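**Student:** Here's a structure for you.
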Amino acid sequence: MPVVLSFCTVFFLLATPGWADEALSGERDNHPYRLSLGSVAYTYVEPGVMSLNGRLTELDFSYRWQPFHTSLPLALVFGLDSFLGRTHYDGSISNLDTGVRTPVQDSSNERIFNLQGVFTAGFFESLEGAAGFAIWSLKNKVDGAASYTRDINYFYLPLSLSYQARAWSALRLSVGAQYNVFLFGTVESRLSEINPGNSDIHNEQTSGSGYKLRVAAAWDFPTWILNVELYIQQWNIADSNKVDVSTTRGMIQLWEPRNKTTMSGVNLGVQF
């Protein structure tokens, strides 16, 4: 993260408005489709409870639609980001009837999808702001008989600002920051997969936030554009609500603990 922030600071100091080119917004509009492939270092931590660490493969697709014909560049952007892979789980499994916790270290299967639609507006030929609605969806399951599937969904408003400048004729550089306004989250814990007698648990998350910082370079070719992007993304989510569950030792309360997700990635993409 310090490296990304330092790069952004230097870039903003060196990239003057004189670098800006009126064709910058046109490059985006003439190549509305973007497809990218990347690799992500992924960490999910519930402090004192468990952690997931590993590398995921990233595949993204977006479409930029500009139905508005105004002097101010306006567009709608729809995107789907997917992250797939295996991680290392370090935590424990709890027996609800006895309360006994058994330490577990194993592999886990992770699937993350981020679906968003944002409204963008360009300013001064080199700045672009965006706001919209998005859903972050995580499904994971640790290997082993005593494990269960979790479905976690975050509903949020992404707010972003990016700056783009032309370094020379065919190369453009950009930096961007995004803040995610967390609306609410849901967690489905399918405990019936451990024991058919268990009830599945539904928890709700009401507090949290997220952000993304990115630096990128784009090379212009006659009919397409090559993109390289580096970024760091993070989520910080508070404890969920508590749900009463009946067990052989009486009523207990279950909740989704506070957690932190960190993703550092690099991707290579094409616009066409």
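**Student:** Tell me the relative contact order for the chain as a rounded percent, counting alpha carbon contacts under 8 Å between residues six or more apart. Don't skip to the end; give the middle numbers.
**Tutor:** Working: 733 pairs, mean separation 47.9, N = 272.
Relative contact order of the chain: 18 percent.
**Student:** Also, I was wondering about something else. Select from THR262, GLY132, PRO67 the residue farthest towards the positive end of the dipole of the chain; place +1 on Cβ of Lys and Arg, -1 on Cβ of Asp and Glu, and compute about the Cα centre.
**Tutor:** The Cα lying farthest towards the positive end belongs to THR262.
**Student:** With 10 angstrom as the radius, rank THR87, THR206 by how many other C-beta atoms surround their C-beta, starting from the fewest.
**Tutor:** Values: THR87 20, THR206 13.
By the 10 Å Cβ count, ascending: THR206, THR87.
**Student:** Additional query: For the chain, build the charge dipole from Cβ charges (+1 Lys, Arg; -1 Asp, Glu) around the Cα centre, then report which of PHE184, VAL49, ASN153 sits farthest towards its positive end.
**Tutor:** VAL49
**Student:** Going by how many other beta carbons lie within 10 Å of each one, how would you line up VAL142, VAL228, fewest first?
**Tutor:** If I rank by nearby Cβ atoms, fewest first, I get VAL228, VAL142.
**Student:** So, one more: According to the square roots a ≥ b ≥ c of the eigenvalues of the Cα gyration tensor, what is the shape class of segment 2-271, taking rounded for a/c under 1.5, prolate for a/b larger than b/c otherwise, and oblate for the remainder?
**Tutor:** Values: a/c = 2.67, a/b = 2.35, b/c = 1.14.
Judged from the Cα gyration tensor, segment 2-271 comes out prolate (a/c at least 1.5, a/b above b/c).
**Student:** Right, next: Non-local amide H neighbours of SER107 (under 5 Å, H modeled in plane, Pro and chain starts lacking H): which ones?
**Tutor:** TYR89, ASP143
**Student:** Going down the list LYS212/LYS260; LYS141/LYS212; LYS141/LYS242, which pairs span over 20 Å between their C-alpha atoms?
**Tutor:** Details: LYS212/LYS260 14 Å; LYS141/LYS212 26 Å; LYS141/LYS242 22 Å.
The pairs that break the limit, which is 20 Å between Cα atoms, are LYS141/LYS212; LYS141/LYS242.
**Student:** Still on this structure: What ranking, highest mean first, results for peptides 102-112, 152-162 when packing means the other Cβ atoms within 10 Å averaged over each residue?
**Tutor:** On the way: 102-112: 15.0, 152-162: 18.5.
Per-residue Cβ counts within 10 Å, averaged per peptide and sorted highest first, yield 152-162, 102-112.
**Student:** So, one more: For the chain, take the longest principal axis of its alpha carbons; what is the angle in degrees between that and the long axis of helix 2-14, to the nearest 10 within 0 to 90?
**Tutor:** Roughly 20 degrees between the two axes.
**Student:** Evaluate the relative contact order of segment 41-173 (contact order divided by residue number), counting alpha-carbon pairs under 8 angstrom at least 6 apart; express in whole percent. Display every interim value, and only then the final one.
**Tutor:** Working: 300 pairs, mean separation 23.7, N = 133.
Normalised by residue count, the contact order of segment 41-173 is 18 percent.
**Student:** Counting each DSSP H run of 4 or more residues in the chain as -39500 (n - 2.57), what helix-only mean residue ellipticity at 222 nm follows after dividing by all residues, to the nearest 500 deg cm²/dmol? Write down the numbers at each step before the final one.
**Tutor:** Values: 2 runs with 20 residues, N = 272.
Per the formula, -2000 deg cm²/dmol.
**Student:** Quick one: net charge of PRO196's neighbours, Cβ under 15 Å, K/R +1, D/E -1?
**Tutor:** On the way: positive: ARG190; negative: ASP97, GLU193, ASP200.
For residues surrounding PRO196, the net value is -2.
**Student:** Can you figure out the FRET efficiency of TRP65 with ASP200, using R₀ = 35 Å and their beta-carbon distance, to the nearest 0.05?
**Tutor:** Details: r = 39 Å, r/R0 = 1.11.
The value I calculate is 0.35.
**Student:** What is the fewest-to-most order of THR247, THR120 by other Cβ atoms lying within 10 Å of their Cβ?
**Tutor:** Values: THR247 13, THR120 20.
Lowest to highest Cβ neighbour count: THR247, THR120.
**Student:** Give, rounded to the nearest 20 debye, the magnitude of the charge dipole that segment 213-266 has about its Cα centre when Lys and Arg contribute +1 at Cβ and Asp and Glu contribute -1 at Cβ.
**Tutor:** Numbers: 5 positive and 5 negative charges, 55 e Å.
The dipole of segment 213-266 has a size of about 260 debye.
A short reminder: the numbers here are calculations on the coordinates, not readings from a lab. Every value quoted in this text rests on a predicted model; they were computed, and no experiment measured them. Reconstructed Cβ throughout: ideal geometry from the backbone, glycine too, with neighbour counts over all protein chains shown.
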